[in-house]
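Written out below as structure tokens is the structure these notes cover.
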Amino acid sequence: MPIRIPEQLPAKEILEQENIFVMDEERATKQEIRPLNILILNLMPEKEKTEAQLLRFLGNTPIQVNISFLRLSTHESKNTSKFHLDQFYKSFDDIRTKRFDGMIITGAPVEKLKFSDVNYWEELQSIMDWSSKNVTSTLHICWGAQAALYHHYGIGKYELPEKCFGIYRHEVLEPKENLVRGFDDYFMAPHSRYTDIDYQKLISIAELKILAQSDQAGVLIAASSDGKRIMVTGHFEYDAETLGDEYRRDRERGVDTQLPENYFPDDDPSKVPLHRWKSHCSLMFSNWLNYYVYQSTPYEWD
Ligand SMILES: CC(=O)SCCNC(=O)CCNC(=O)[C@H](O)C(C)(C)COP(=O)(O)OP(=O)(O)OC[C@H]1O[C@@H](n2cnc3c(N)ncnc32)[C@H](O)[C@@H]1OP(=O)(O)O
Ligand SMILES: N[C@@H](CCO)C(=O)O
């Protein structure tokens, strides 16, 4: 939340130069407060796990947050029960006339497919177009980020020689950007994907900024300059055990997935991994909800 101080206080200028969020009294007296409405398009097969992972971080705010879950009508879910979806999820038709302050589009295990071969691609494109007009800021995760970069900016993806799988060190490239406000210069974050985005095309698009990247894993966070679209290519929201679960799942199925890098203590899968990215993930979600959603969304939509 911003600090409120008198307009003339000398510290105001110093703090503004450091990019600390300072609100003068005039704006503060005009600011109205209401709960935020956040929509989550959950494309992950194990939806209940993802719900808990995201809600854990969205719940860390002094502002009330109303959550709605969105499902696709053009895809029948194999791994989540119809009962759960009917009970807790809405369809695009249910919400298309509404406005949301923020939206999250999750990852999905479809990255090896061409976008057009994903059976819900057309519906997802309609939802992404709708989000441009009806949502203040949309946060896209992993394949959701690849889909947004392709759909909105024509940035393609390509298959990596080996799965990008582990906990990698990232550098903050734009420390004054609100999304990474308060981040350490370097921080850890998980990746779990077989594909990567076309970096040359990404840097050619003036509207996009890279906020954080890793020498090994590439771009982690990119954002449009107006903050309407945030793309996170990794899985910041994953629990401590998630990469280990994916590793064991693949091994049990005879898939030759390598050990997640920099993950198990001593690279020993029998040892319990530490959660070393939780605080930065928490900060990123708080920053997103505060600066890109709450401070930017209209009090009353037209
Ligand atoms: C790059 C990223 O975004 S990473 C995020 C994805 N990672 C994860 O979801 C990790 C957890 N997932 C898993 O462990 C596995 O997907 C499992 C165990 C749940 C299921 O694996 P499998 O049995 O091999 O595959 P299955 O045939 O059930 O399909 C898995 C999912 O792929 C997706 N999928 C596969 N083919 C298609 C297709 N043509 N179009 C759209 N979605 C597809 C679906 O989401 C499907 O799950 P759903 O029907 O429940 O939504
Ligand atoms: N995180 C994913 C990658 C698949 O797209 C998994 O291993 O399940």
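Conditions tested, residue by residue: (1) under 13 Å from the mean Cα position of the chain (by Cα); (2) away from ligand 2 (no atom under 13 Å from the Cβ); (3) of a type outside the set (G, A, S).
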residue	(1), (2), (3)
D215	no, yes, yes
G218	no, yes, no
D226	no, yes, yes
G254	no, yes, no
S282	yes, yes, no
N290	no, yes, yes
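When you check D117 against the structure, is it acidic (D, E) and more than 16 Å from ligand 1 (Cβ to nearest atom), yes or no? Criteria not met by D117. For the residues I210, I203, I221, the requirement of being open to solvent by less than 20 Å² (accessible area, probe 1.4 Å), β-branched (V, I, T) and out of contact with any His (no Cβ under 7 Å at 6 or more places or on another chain) singles out I221. Inclusion of T97 among residues that are in contact with a Cys (Cβ under 9 Å, 6 or more places away or on another chain), at pLDDT 95 or above and either surrounded by 15 or more Cβ atoms within 10 Å (Cβ to Cβ) or not in a strand (DSSP E or B) (or both) is not warranted. The single residue among Q87, Q64, Q53 that is without any contact (Cβ under 8 Å) to a residue 12 or more places away in the chain and either polar (S, T, N, Q) or open to solvent by 60 Å² or more (accessible area, probe 1.4 Å) (or both) turns out to be Q87.
The lone criterion from (1) under 22 Å from M128 (Cβ atoms); (2) assigned to a loop (DSSP other than H, G, I, E, B) left unmet by K201 is number (2). Inspect all residues belonging to the range 122-132 and state whether any of them is open to solvent by less than 10 Å² (accessible area, probe 1.4 Å), within 15 Å of ligand 1 (Cβ to nearest atom), in contact (Cβ under 8 Å) with a residue 24 or more places away in the chain and closer than 23 Å to K47 by Cα. Yes - at least one qualifying residue is present in the range 122-132.
Can you find a residue in the range 100-110 that is charged (D, E, K, R) and open to solvent by 20 Å² or more (accessible area, probe 1.4 Å)? Checked against the condition, which is being charged (D, E, K, R) and open to solvent by 20 Å² or more (accessible area, probe 1.4 Å), the range 100-110 yields no hits at all.
Can you say whether Q258 is over 18 Å from the mean Cα position of the chain (by Cα) and open to solvent by less than 70 Å² (accessible area, probe 1.4 Å), as far as the supplied structure shows? Criteria met by Q258. Of the candidates E174, E237, the single residue that is of a type in the set (D, E) and crowded, with 22+ Cβ neighbours inside 10 Å is E237. Taken over the range 59-94, the residue count meeting the criterion of being among the β-branched types (V, I, T) and part of a loop (DSSP other than H, G, I, E, B) is 4.
The values are calculated or read from the model by the stated rules, or taken from the named source; none is laboratory data. For clarity, every value in this text was computed on a predicted model and none was experimentally measured. Ideal geometry is used to build each Cβ from the backbone, glycine not excepted, and the neighbour counts take in all protein chains shown. Calculation scope for accessible area: heavy atoms of the full protein, side chains included, ligands and nucleic acids excluded. Shrake-Rupley method; radii C 1.70, N 1.55, O 1.52, S 1.80 Å.
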